[in-house]
Every structure is written in structure tokens, then in C-alpha cells.
Amino acid sequence: MGSDQSTPISPPEPKKGAEDEVPYTSFSVNRPVDGESDSTAKFVSKAQEQAKHKSLRMRRSIYGEDTAHPNIATSLNNLGNDWSHLGDCRKAVSYHEQSLQMRRSIYGKDTAHPDIAESLNNLGNAWGYLGDNRKAIVYYEQSLQIKLSIYGEDTAHRDIALSFYNLGNACRNLGDHRKAISYHEQSLQMRRSIYGEDTVHPDIAESLNNLGVAWSRLGDRRKAIAYYEHSLQMTRRLYGEGTAHPDIAISLTCLGLAYRNLGEHKKAIIYYEQSLRMQRVIYGDNTAHSYIAILLNNLGMTWSDLGDHKKAVCYFEQSLQMNRSIYGDDSAHPDITSSLNNLGGAWQILGDHGKSISYYDQALTDDEKYLW
């Protein structure tokens, strides 16, 4: 989140090798259950998806294969959400489109109905994860208009607040950070109206954190830090000061990123290390998890800033090893390419040009695979 060298990760955004990163800060959507590794969460989600396929077949046998029925539409919607969680967002789009078509057939194409708003919102999510944020915004805006029609233009409702939040994230991903801030401020204001101005609530903490990301992208690191600290304070009150929780870990990572961008590298390392320790408690010391790989990369970048390139190499190698464990040794994945590029740069500075060229060549090969 002047010129910004930070790119907080959201599913639609490719990562760049010269940047450090923050996990996507949507705390409640499409992320592993607390304490689960990526692979465990996907195993659970796959089992759920299979159960929901069985439910869909059963409902079609009850109501008729070609019948438009709310329960069938719900099954299609749920399968779309599961495929998003499993990372197959094109399949998710297919199920959400079927659900939307059926719901419009049931309720009327121009009817303002919560189920239609839900399908539109979920299509926005899926297209966002596929990187088409403009298409995501179209669906989010349609969903928002239906919600405003249902609940009222001046009503504070959590579904409307969610639409503002999603629009803020999509605008951020498109680089329109002022519009992102406007949407996140509307979402925050509405959530405070719903839950109470001084209430400690996960949705409010989420909005605060993403306002921090947006202000960071605009180059106002001090304002970003204020939002991150407010979010961190709230998540600690929610889950406990000494509790290892993903939301607390993300706030710590965001603070590390902001301080690194301010040139306060030692403070950045303190926050990154706190987050890393917490992530390892949550997911397990020996677990390969994408968030842990991100933190290892971030620590490598920050030690590189401080001139300790040998320590940077150590962190980059751990990040590369973990990314390959997650995505596969032969996978052309942007996370792997990022680690390879960082290792190439570090070894170049250390004067080992043979190793540098080797890593850069591997990164180039992966880039070519990824593009094709």
C-alpha cells in the first residue's frame, strides 16, 4: 500500500520480486481455518465440496433436473464458494453464474432479492481472484444497488458495508487508492454505526487494516501506521493479548512493511519476527504455509536493506524451499519466481555471479512458463 515499493498481496495481484508483501487483508473470506496449513484447509474444503456435490445431485433428483429451485441455486452457490477456496476460480465463476441465472429465473431478472445480490457479490469475488478487477467492480456495484434497494439508501446494514469493503479492495487492486479509501471509510463508518462507535469487532478491525493498506499505497506511511496500530490493538482485545491469531499476525506484518518503507528497518524486523513466530505457532513449526513464506521473503528483503546479504540469502532460501513445497518443485508460480529473483539479486551483490545467473535463469524460465 509517492512511489511505493510495497505490494500487499491480494489474490488477483501478481507479486514483484523487488517488493515485500502482506497477506490479503480480508480476514474472513477464502482463507484457511485458524491453525490449518494451506494443504489441510484445501483437504477439508475438497471434502466439503464433494459433500455439496452429493447434496446438489440429491436436490436435483428431488425437485427435477431442469427445475429452478432455491435449494438447487444455494447448492450451486456453495459449490462456487468451495471452488474459490480450492483456487479454481474459473470453476467458481461457472457455478456462481449458474446460481445467478437460476435465482433470476426464480425471483425475476429485475427483482431486488438478497440471493441475487449474494450471487453477484460472489461473482465479483471470483473475478477479483482471477485478476479481472474491472469485471469484479461491475458485479460488486450491481450487488450494492440491489442491497440499497432492499434495505434503503440510508440504512446501515452489514451486507451494504461488505459491498463498500469489496469495492474498496477492487479499486485498490486497480491502483485507484483514493477511491479505495472512500469506499473503506464508508464501510468503516457503517460498521461502527451497526456495532457501536467504540465496539471491538472483527469487521471494524478489518476496515481499519485495509484503510492502512490504502494510505500506505498513497505514500502516507504515518497515517497507515496509525490505522494498523488501531487494528492491532482491536484484534488483541478481541482474541487476547498473548493469543496467536492470524488477524494479529497480519497486523504485525503490515506494521513491519510500513516501517520498512519509512526506512526504520530494525523496527520492521521486530514486527516481522513477531509475526513469523505467531504464524509458526498457528500453523506449526514445520508447516509449509504461504503466509510464512511471505514473511521469510520480507525478512530477507529487510536484511538486504541493512546490508546483511548473507542473512538475506538465508531467508530467501527458506522462502523458496517453502514455496516449492507448497506449489511443487516444477511449478511456475509467481511466489517461486519472486524467491528466485531475490536470490539472484542477493548473490549478485555478494559477488557470486555464477549463482546469481543460475537463479535469474530459473526465474526467467518460470516467468515464461507462467506467461504461457
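Any residue in the stretch 289-306 that is closer than 22 Å to residue 348 by Cα, surrounded by fewer than 17 Cβ atoms within 10 Å (Cβ to Cβ) and not β-branched (Val, Ile, Thr)? Checked against the condition, which is being closer than 22 Å to residue 348 by Cα, surrounded by fewer than 17 Cβ atoms within 10 Å (Cβ to Cβ) and not β-branched (Val, Ile, Thr), the stretch 289-306 yields at least one hit. Test residue 239 against the criterion of being among the hydroxyl-bearing types (Ser, Thr, Tyr), crowded, with 19+ Cβ neighbours inside 10 Å and either in contact with a helix residue (DSSP H, G or I) (Cβ under 9 Å, 6 or more places away or on another chain) or in the same structural domain as residue 159 (by the TED database) (or both), and give yes or no. When the stated conditions are applied, residue 239 does not pass them. Could you check, for the stretch 190-198, whether at least one of its residues is of a type in the set (D, E, K, R), under 24 Å from residue 303 (Cβ atoms) and assigned to a loop (DSSP other than H, G, I, E, B)? Scanning the stretch 190-198, I find no residue that is of a type in the set (D, E, K, R), under 24 Å from residue 303 (Cβ atoms) and assigned to a loop (DSSP other than H, G, I, E, B), so the answer is no. Confirm whether residue 288 is touching a helix residue (DSSP H, G or I) at 6+ places or on another chain (Cβ under 8 Å), of a type in the set (Gly, Ala, Ser) and modelled with pLDDT under 95. It is true that residue 288 is touching a helix residue (DSSP H, G or I) at 6+ places or on another chain (Cβ under 8 Å), of a type in the set (Gly, Ala, Ser) and modelled with pLDDT under 95.
Among the candidates 224, 244, 258, the residue that is modelled with pLDDT of 95 or more and over 24 Å from residue 338 (Cβ atoms) is uniquely 244. Just wondering, is there one or more residues in the stretch 276-294 that are small (Gly, Ala, Ser) and within 26 Å of residue 200 (Cβ to Cβ)? No - not one qualifying residue is present in the stretch 276-294. Restricting to the stretch 171-209, what's the tally of residues that are among the polar types (S, T, N, Q) and over 20 Å from residue 140 (Cα atoms)? So the answer is 3.
Of everything listed in (1) over 23 Å from residue 81 (Cα atoms); (2) touching a helix residue (DSSP H, G or I) at 6+ places or on another chain (Cβ under 8 Å); (3) not assigned by the TED database to the domain that holds residue 109, the single unmet condition for residue 202 is (1).
Listed conditions (1) assigned to a helix (DSSP H, G or I); (2) in contact with a Pro (Cβ under 6 Å, 6 or more places away or on another chain) are all met by residue 131, apart from (1).
For the stretch 314-325, state whether one or more residues are surrounded by 24 or more Cβ atoms within 10 Å (Cβ to Cβ), in a helix (DSSP H, G or I) and of a type in the set (S, T, N, Q). Among the residues of the stretch 314-325, at least one is surrounded by 24 or more Cβ atoms within 10 Å (Cβ to Cβ), in a helix (DSSP H, G or I) and of a type in the set (S, T, N, Q), which makes the answer yes. Going residue by residue through the stretch 349-363, is there one that turns out to be under 21 Å from the mean Cα position of the chain (by Cα), polar (S, T, N, Q) and either surrounded by fewer than 23 Cβ atoms within 10 Å (Cβ to Cβ) or not in a loop (DSSP other than H, G, I, E, B) (or both)? No, there is no match, as no residue in the stretch 349-363 is under 21 Å from the mean Cα position of the chain (by Cα), polar (S, T, N, Q) and either surrounded by fewer than 23 Cβ atoms within 10 Å (Cβ to Cβ) or not in a loop (DSSP other than H, G, I, E, B) (or both). Residues that are at pLDDT below 95, of a type outside the set (Val, Ile, Thr), assigned to a helix (DSSP H, G or I) and under 22 Å from the mean Cα position of the chain (by Cα) do occur in the stretch 270-284.
The values are calculated or read from the model by the stated rules, or taken from the named source; none is laboratory data. Given the structure is predicted, the values throughout are model-derived calculations rather than measurements. Every residue, glycine among them, receives a Cβ derived from its backbone with ideal geometry; neighbour counts consider all protein chains shown.
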